Amino acid sequence: MSSLVPIRFQEFDLDGIAQAKGRVAIIIPSDGKMNPAARRANRLTKGAVARLVESEKFGKAKTGDVISLAWPAGMVAEALDVLVLPRRPEADEARKTGAALAKLTGGKDVLVMVGNQAQTEDLALGIALRSYDFDAHKTKESEEAGTVTISHSKPKEVEAGFAPLYAIADGVRMTRDLTNEPANVLTTTEFADRLVEMQELGLEVEVLEEDKLAELGMRTLLSVGQGSVSPSKVVVMHWKGGDKDDAPLALVGKGVVFDTGGISLKPAGGMEDMTMDMGGAGVVAGTMRALAKRKAKANVVGLVGLVENMPSGNATRPGDVVKSMKGDTVEIINTDAEGRLVLCDMMWYAQERFSPVGMIDLATLTGAIIIGLGHENAGVFSNNDTFCDAFLKSAKAEDEGAWRMPLGDAYDKMLKSRIADMKNVGGRPAGSITAAQFLQRFVKEETPWIHLDIAGVASVSAETSYAPKGATGWGVRALSRFVQDSFE
């Protein structure tokens, strides 16, 4: 498991600039007006900062850019980093600037001279998010991450404001760790064990084993994992931070720890990426961790279905008919459309047991959503405009791309089966939409519901503003914000 970069806050002290080791960061807005820290650094470096500000390079710099001066004269530090940032930036500007700085630190200690800079908490969050590194399986001994020290005129006040953001960053870290783990490490049992450990944070955690799932009638979920030696499980995490009588928000995550496609076997090329097919469950786990660590004043239940989709003599076949917990029968046309079979039983269980105020499911569900939206936005499907608009507002506030997609009767008809109540796929056209239509059949009319198809955003092959390539942790910040804005 990785760990968050240590971030501490101290009283603003100009005298610390000269002797600080590692790196020192100062802030200068695009107009070039220097604050006290920049002026002190300029004197120490015999005018180097002023020459930078007057240069063509600074003139072309944009908000969020970081310009580094290596081995600055008059300072012990290895580098002086100039952050181009307005005095009163937007939250996303501050976060992206912090993330840009984090990319340069290389594990060194960093002193960030902010003075009374606005949005310092967001600057620190950007540093925490982008400092992530997953090296758990590299034999080379990892160097300890350096400490980030933020020098502020009101350190106690800023530290208190940053605490809940640091909790959210830890939830993002957990999601990334889970999504990055190889399947021989993150088995269904190991996944469940890591979630049980979160009881120490105040979460109530319950693991439902295969015999209990069979008793409940979760046959579609069990059908996905029956070809694997790894036991299928459902883990229920309950955070009770709101009023005792308030119904919870339900978060439901697909946790396919590895997806071969089953009998409908995937091509070999790229199959190694299917270690991330538990990304929806990873987001639910990370969100529950964040809510518990920041002591959210809301009731939220997180459910994850943990299975492995493998071909074997016992695996589900194309053409099989399976009855869901709801009682509807499903003709399985393609065993690689397994995520919806996991989710439908859990969604029905969540509604039957908890009568939630609303329900959000998350899944790396379809490759079709990547064709439609690329890696910039998750696909959002909903039966309730008010519920959906509130989530989209939260996602936008957290700079996590999300785009609403349509639902409709014409798409639903594509799931008609000759021998069962429905098929599990509707063909190639509108593949993401028909998948969502399948799930909607398991949503009660009175339940506000959102389906998030995160196949394009859960793990990416190129770095993003806030994460190195690999798992992004997309969704933890948006969901935490949604809970805060709508239920606390």
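Can you tell me which residue in the stretch 307-352 is surrounded by the fewest Cβ atoms within 10 Å (Cβ to Cβ), limited to those that are over 12 Å from Arg441 (Cα atoms) and basic (Lys, Arg)?
So, considering only residues that are over 12 Å from Arg441 (Cα atoms) and basic (Lys, Arg), the one surrounded by the fewest Cβ atoms within 10 Å (Cβ to Cβ) is Arg317.
In the stretch 136-187, which residues are outside any helix (DSSP H, G or I), open to solvent by less than 60 Å² (accessible area, probe 1.4 Å) and over 28 Å from Ala20 (Cα atoms)?
If the condition is that a residue be outside any helix (DSSP H, G or I), open to solvent by less than 60 Å² (accessible area, probe 1.4 Å) and over 28 Å from Ala20 (Cα atoms), then Ala136, Glu181, Pro182, Ala183, Val185, Leu186, Thr187 are the ones that fit.
Is it the case that some residue within the stretch 450-470 is more than 18 Å from the chain's Cα centre (by Cα) and hydrophobic (A, V, I, L, M, F, W, C)?
Step one: filter the stretch 450-470 for residues more than 18 Å from the chain's Cα centre (by Cα), giving none.
No, because not a single residue in the stretch 450-470 is more than 18 Å from the chain's Cα centre (by Cα) and hydrophobic (A, V, I, L, M, F, W, C).
Within the stretch 297-345, restricting attention to residues that are among the charged types (D, E, K, R) and under 23 Å from the mean Cα position of the chain (by Cα), which residue is nearest to Val185 (Cα to Cα)?
Selected residue: Glu308.
Mind checking which residues of the stretch 396-428 are of a type in the set (A, V, I, L, M), under 30 Å from Lys96 (Cβ atoms) and out of contact with any Phe, Trp or Tyr (no Cβ under 8 Å at 6 or more places or on another chain)?
The answer is Ala397, and nothing else.
Do any residues in the stretch 185-203 that are at pLDDT 95 or above have Cβ atoms under 8 Å from those of residues that are open to solvent by 50 Å² or more (accessible area, probe 1.4 Å) and part of a helix (DSSP H, G or I), where the two are at least six apart or on different chains, and which pairs are they?
If the second residue must be open to solvent by 50 Å² or more (accessible area, probe 1.4 Å) and part of a helix (DSSP H, G or I), the pairs left are Leu201/Lys293.
Might you check whether a residue that is exposed (fewer than 15 other Cβ atoms within 10 Å of the Cβ), under 25 Å from the mean Cα position of the chain (by Cα) and more than 23 Å from Trp348 (Cβ to Cβ) occurs anywhere in the stretch 405-419?
yes
If Leu392 satisfies every condition in (1) within 18 Å of the chain's Cα centre (by Cα); (2) assigned to a loop (DSSP other than H, G, I, E, B); (3) on the phi < 0 side of the Ramachandran plot but one, which is the exception?
Status for Leu392: all satisfied but (2).
Can you tell me which of (1) modelled with pLDDT of 95 or more; (2) open to solvent by 20 Å² or more (accessible area, probe 1.4 Å) is the one Gly217 doesn't meet?
(2)
Surrounded by fewer than 16 Cβ atoms within 10 Å (Cβ to Cβ), polar (S, T, N, Q) and within 20 Å of Lys103 (Cα to Cα): which single residue out of Ser3, Ser55 fits that description?
The match here is Ser3.
Filter the stretch 6-28 down to the residues that are part of a strand (DSSP E or B), open to solvent by 20 Å² or more (accessible area, probe 1.4 Å) and touching a helix residue (DSSP H, G or I) at 6+ places or on another chain (Cβ under 7 Å) and list them by number.
Within the stretch 6-28, Ile7, Phe9, Gln10, Glu11, Arg23 meet the criteria.
With the requirement that a residue be open to solvent by less than 10 Å² (accessible area, probe 1.4 Å) and either β-branched (Val, Ile, Thr) or touching a His at 6+ places or on another chain (Cβ under 7 Å) (or both), what does the stretch 458-484 give you?
Val476, Val483
Go through (1) within 26 Å of the chain's Cα centre (by Cα); (2) surrounded by fewer than 16 Cβ atoms within 10 Å (Cβ to Cβ) one by one and return the number of the condition Arg95 breaks.
Arg95 satisfies every listed condition except (2).
Looking at Val114, Val110 in this structure, which one is buried (at least 21 other Cβ atoms within 10 Å of the Cβ), in contact with a Ser or Thr (Cβ under 6 Å, 6 or more places away or on another chain) and among the aliphatic types (A, V, I, L, M)?
Answer to the selection: Val114.
For the stretch 67-77: of the residues being part of a loop (DSSP other than H, G, I, E, B) and either out of contact with any strand residue (DSSP E or B) (no Cβ under 6 Å at 6 or more places or on another chain) or without any contact (Cβ under 8 Å) to a residue 12 or more places away in the chain (or both), which is surrounded by the most Cβ atoms within 10 Å (Cβ to Cβ)?
The qualifying residue surrounded by the most Cβ atoms within 10 Å (Cβ to Cβ) is Met75.
Would you check which residues across the stretch 414-454 are under 21 Å from Pro356 (Cα atoms), among the hydrophobic types (A, V, I, L, M, F, W, C) and in a loop (DSSP other than H, G, I, E, B) and list them?
Phe442, Val443
Return yes or no: is Ile433 touching a residue at least 12 places away in the same chain (Cβ under 8 Å) and open to solvent by less than 50 Å² (accessible area, probe 1.4 Å)? Can you show your working first?
Details: touching a residue at least 12 places away in the same chain (Cβ under 8 Å): yes; open to solvent by less than 50 Å² (accessible area, probe 1.4 Å): yes.
For Ile433, the condition - touching a residue at least 12 places away in the same chain (Cβ under 8 Å) and open to solvent by less than 50 Å² (accessible area, probe 1.4 Å) - is met.
The values are calculated or read from the model by the stated rules, or taken from the named source; none is laboratory data. Model, not experiment: these values are computed from the prediction. Every residue, glycine as well, gets a Cβ built from its backbone with ideal geometry; the counts of neighbours run over all protein chains shown. The area values use the complete protein model at the heavy-atom level, side chains included, leaving out ligands, DNA and RNA. Shrake-Rupley method; radii C 1.70, N 1.55, O 1.52, S 1.80 Å.
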